[in-house]
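As structure tokens, the structure follows; a few thoughts come after it.
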């Protein structure tokens, strides 16, 4: 029987920062979509991205003649709320970065490729005692990054990942791994393991496999007190 490790008030406070940031990000997306949808009603469409949204907001702030006065007043309220959300998200990001750098474990975790302040802070706050897991695979299984087994009659059938466990950690691990994979595809990588994996698997499969590996590396680093060491490239 496995028991949930008790978190300290400080760790719970850090997770409150992460949850609030997620809520603010969702609200920002909702406001952005609302502004785009309302402006499209008047035939004003902008390209996808932050610059396209800012061009629409500029039309609202300057009271463009193509937008009726009543609609412009309502859209200005949404634009004001969007600016407030952006400032709150930036302040929350600064607090999360400070929490990651405040702990010795968080600073060591950020040395792992694909692990930034956001993921390092979440790992430290979510996993009070890494020794509660017997191996790195147990941690990866807890996050939901291991294949689902459908074995019968002595034949092993491995399916997709289970997606069970902490969804937030799994999302951060996959996003960090995707950044490493994209960089390797554009600029190359010194890791033979990743290069060989990308040559025979799709980008999504390689990303999930790298996220699994990152979780195992994090488990090995957190309780040991050692720093991350890049694997040495063996000569042919």
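Any residue at all in segment 165-183 that is farther than 25 Å from residue 105 by Cβ, surrounded by 15 or more Cβ atoms within 10 Å (Cβ to Cβ) and within 21 Å of the chain's Cα centre (by Cα)? Yes - at least one qualifying residue is present in segment 165-183.
The single condition among (1) surrounded by 10 or more Cβ atoms within 10 Å (Cβ to Cβ); (2) under 27 Å from the mean Cα position of the chain (by Cα); (3) assigned to a helix (DSSP H, G or I) that residue 51 does not meet is (1). Out of all the residues in segment 191-210, is one or more within 23 Å of residue 107 (Cβ to Cβ), modelled with pLDDT under 85 and in the same structural domain as residue 117 (by TED's automatic domain parsing)? There is at least one residue in segment 191-210 that is within 23 Å of residue 107 (Cβ to Cβ), modelled with pLDDT under 85 and in the same structural domain as residue 117 (by TED's automatic domain parsing). The single condition among (1) more than 24 Å from residue 207 (Cα to Cα); (2) crowded, with 16+ Cβ neighbours inside 10 Å that residue 101 does not satisfy is (2). All of (1) under 20 Å from the mean Cα position of the chain (by Cα); (2) in a helix (DSSP H, G or I) hold for residue 220 with one exception: (1). When 17, 75, 90, 84 are checked against the criterion of being surrounded by 17 or more Cβ atoms within 10 Å (Cβ to Cβ), modelled with pLDDT of 95 or more and over 19 Å from residue 169 (Cα atoms), 75 stands alone in meeting it. Across segment 141-164, a minimum of one residue is classified as more than 22 Å from the chain's Cα centre (by Cα) and either assigned to a helix (DSSP H, G or I) or surrounded by 12 or more Cβ atoms within 10 Å (Cβ to Cβ) (or both). Can you say whether residue 134 is out of contact with any helix residue (DSSP H, G or I) (no Cβ under 8 Å at 6 or more places or on another chain), within 28 Å of residue 14 (Cα to Cα), assigned by TED's automatic domain parsing to the domain that holds residue 115 and not in a helix (DSSP H, G or I), as far as the supplied structure shows? In short, yes.
With respect to residue 134, is the statement that it is more than 14 Å from the chain's Cα centre (by Cα), without any contact (Cβ under 8 Å) to a residue 40 or more places away in the chain, under 24 Å from residue 225 (Cβ atoms) and surrounded by fewer than 19 Cβ atoms within 10 Å (Cβ to Cβ) true? Considered against the rule, which asks whether it is more than 14 Å from the chain's Cα centre (by Cα), without any contact (Cβ under 8 Å) to a residue 40 or more places away in the chain, under 24 Å from residue 225 (Cβ atoms) and surrounded by fewer than 19 Cβ atoms within 10 Å (Cβ to Cβ), residue 134 comes out as yes. In summary, residue 33 fulfils each of the numbered conditions (1) in a helix (DSSP H, G or I); (2) outside the structural domain of residue 173 (by TED's automatic domain parsing); (3) touching a helix residue (DSSP H, G or I) at 6+ places or on another chain (Cβ under 9 Å) with the single exception of condition (3).
The values are calculated or read from the model by the stated rules, or taken from the named source; none is laboratory data. Not measured: the values here are computed from a predicted model. Counting neighbours? That spans all protein chains shown, and the Cβs are built from the backbone with ideal geometry, glycine included.
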